[in-house]
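One structure below.
Read-outs throughout are calculated quantities, based only on the coordinates presented, and are distinct from any laboratory measurement. Keep in mind the model is a prediction, meaning the values are calculated, not measured. Neighbour counts are summed over all protein chains in view; Cβ atoms, including those assigned to glycine, are modelled from backbone coordinates with ideal geometry.
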Amino acid sequence: MNSIESYVETYGVLPVINITDANKAVLLAQALTDGGLPLIEVTLRSDCSLEAIRRIKQAFPDMLVGAGTVVSEKSVDDALSVGADYVVSPGYDPELVNYCKQKGVVIVPGCFTPSEIQIAVKNGLRILKFFPAELGGGVAAIKLLSGPFPDVRFLPTGGITFENLSAYLENNKVIACGGSFMATAEMFRQGDFEGITKLCIKASEIAKNARKAK
Ligand code: 3PG
């Protein structure tokens, strides 16, 4: 396990956010760290995503910042150029994975089917994003997929909520859950950073209790 994976596993939850205003990026990062979660995945889905990553890393050099929705080699380079610590892709693209491996960049690719997981394992990956998790069968699917792929550990995202979070985290094959439930698009738009901090504290508590139950 590399240091990024163990860092994410320590917190158990990973805020995934589409930042639509770079001027609020540092306030958001502050809200997350105040809530005990010094980690974020910024999806590359807006015009200011890269600028947001740059500002967060400048203000919080120790915060773990991943670039999400990375779907091309250029996006990998762009993300690294602004200081991203690792990249996440929504699906499994063998060429993209090889590109990252050659560059020594940690990539967490999305997998949804046994075929994709099998290819990922063949390519030496052990930590995979399970996306979209709820649509893909949730915890029950992870349990079944762990039969043929016992060495794989998952970072489920897509449809995780405060209601289903514990069930995921109590599964040993889950390193952490990602999602927008701790910092919703609406909260970000409204600048509700206090609310985001409160939700981060709540998510951290659930993660801590789930670890104890493992
Ligand atoms: C995404 O790619 O949008 C993330 O997985 C977040 O999904 P969520 O909004 O369902 O948490």
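Can you list residues from other chains, or at least 5 along the same chain, whose modelled amide H is less than 5 Å from the amide H of LEU14?
Here the answer is CYS177, GLY178, GLY179, since their amide H atoms fall under 5 Å of that of LEU14.
P(r) for region 10-62, please, calculated from all Cα pair distances in 10 Å bins and given in %.
So the P(r) values, bin by bin, are 28, 59, 14, 0.
With +1 on each Lys and Arg Cβ and -1 on each Asp and Glu Cβ, and nothing else charged, work out how big the dipole of the chain is about its Cα centre, in Debye to the nearest 20.
With only Lys, Arg, Asp and Glu charged at Cβ, the dipole is about 500 debye.
What FRET efficiency would be calculated for the residue pair THR20, ASP151, taking the C-beta separation as r and a Förster radius of 35 Å, to the nearest 0.05? Write out the running numbers ahead of the final one.
On the way: r = 38 Å, r/R0 = 1.09.
Between THR20 and ASP151 the formula returns 0.40.
How large is the helix-only mean residue ellipticity at 222 nm for the chain, computed as the sum of -39500 (n - 2.57) over DSSP H runs with n ≥ 4, divided by its residue count, in deg cm²/dmol to the nearest 500?
On the way: 10 runs with 98 residues, N = 214.
About -13500 deg cm²/dmol.
May I ask for the net charge around ALA22, where only other residues with Cβ less than 13 Å from the Cβ of ALA22 are counted and Lys, Arg are +1 while Asp, Glu are -1? Mind showing how you got there, number by number?
Details: positive: LYS24, ARG54, ARG55, LYS57; negative: ASP21, ASP47, GLU51.
Around ALA22, the surrounding residues sum to +1.
How long, wide and thick is region 110-158, going by the Cα atoms along their three principal axes, in whole angstroms, largest first?
Here the spans come out as 25, 19, 16 Å, largest first.
At what distance in angstrom do the alpha carbon centres of region 13-32 and region 133-150 lie from each other?
First find each Cα centre; the distance between them is then 30 Å.
Sum up the charges of everything whose Cβ sits under 14 Å from the Cβ of PHE130, counting Lys and Arg as +1 and Asp and Glu as -1, but leave PHE130 out. Before the final figure, lay out each step's value.
Values: positive: ARG126, LYS129, LYS143, ARG153, LYS173; negative: GLU116, GLU134.
In short, +3.
How long is the gain from GLU73 to ASN172 if the chain were fully straight, where each residue apart is worth 0.36 nm and the alpha carbon distance is subtracted? Spell out each step's value before the answer.
Working: separation 99, 0.36 × 99 = 35.64 nm, distance 3.23 nm.
Length gained between GLU73 and ASN172: 32.4 nm.
What is the total of Lys pairs in the chain with C-alpha atoms under 22 Å apart, excluding same-chain pairs fewer than 8 positions apart?
Within the chain, the lysine pair count is 28.
Suppose the Debye formula is applied to equal point scatterers at every Cα of the chain; what is log10 I(q)/I(0) at q = 0.10, 0.11, 0.12 Å⁻¹?
Each listed q maps to, in turn, -0.39, -0.47, -0.56.
Please list the equivalent ellipsoid semi-axes of region 81-135, computed as the square roots of five times the alpha-carbon gyration tensor eigenvalues, in descending order and whole angstrom.
Values: eigenvalues 75, 38, 12 Å².
Over the Cα atoms of region 81-135, the semi-axes work out to 19, 14, 8 Å.
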